Amino acid sequence: MKKHLLNIFLVLILLTGLSLLLYPTVSDYWNSFHQSRAISSYNAAVSNMDTEQYQEVLSKAKSYNRAIAENGMHWTMTEEEMQEYEETLDLGGGPMGYIEIPRIREKLSIYHGTSESVLQTGIGHVEGSSLPVGAESWTVKEGRYKSSGVRDMTDGSHCVLSGHRGLPSARLFTDLDKLVVGDTFTLTILNETLTYEVDQIRIV
């Protein structure tokens, strides 16, 4: 009887150890599957939009960025500002787009905000920063210059994305340290793909 119990105990220990070893791989696979489905659903939602809806969503996002450029970023948002933020680039509660980084072979959904529920499975857009729809040279179009004749530096946009590294359940930005200056990555927002180049790397 004691020998039988000992065998059961050893089998349980073996299964527990095996489960711990396989957890990161299985969990990362599941997260990758979830990412693929989220991105596929996002692309389907965009393709189902008519031209008027598409332009309305894009125009609202650019107007949002324009207000940030003119008034400056601020990280403490009122309830009204948070509601406006969450409704901009929202296609039904899913991602606002996705980021693809060829160097580390990652394709990840981008969501509004940086709550822990977002950062456990995807990439968060930092509230208060510009939305990822590219920059517009509106100050040049409107002819607004500083008295020195230098272009007003409120022009443009500054989008900030955030993601976890080292999670046992998903890779996400774990391999981000493998990027080097000159590498490129893309943001796909609606039907537009924006390509960026790494020009500096800071560890903070």
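Observations on the structure shown:
- Couplings for the range 53-66, taken from phi via the Karplus curve 6.51 cos²θ - 1.76 cosθ + 1.60 with θ = phi - 60°, read 4, 4, 5, 5, 5, 5, 5, 5, 5, 5, 5, 4, 5, 5 Hz in order; Gly and Pro are left as x.
- Annotation: amide H of Gly97 within the under-5 Å range of Ile110, sequence separation 5 or more or interchain, hydrogens built in the peptide plane.
- Highest mean first, the peptides 196-203, 116-123 sorted by other C-beta atoms within 10 Å per residue fall in the order 116-123, 196-203.
- Computed 3J(HN,Hα) for the range 38-47, one whole-Hz value per residue from the Karplus formula 6.51 cos²θ - 1.76 cosθ + 1.60 where θ = phi - 60°, is 5, 5, 5, 5, 5, 4, 5, 5, 5, 5, glycine and proline marked x.
- Backbone amide hydrogens, once placed in the peptide plane, bring Gly113 within less than 5 Å of His125, Glu127, excluding anything fewer than 5 places away on its chain.
FYI, it's all coordinate maths here, none of it is from the lab. This one's a predicted model, so the numbers in the text were calculated from it and none came from an experiment. Positions of Cβ are generated from backbone atoms using ideal geometry, with glycine treated the same way; all protein chains shown enter the neighbour counts.
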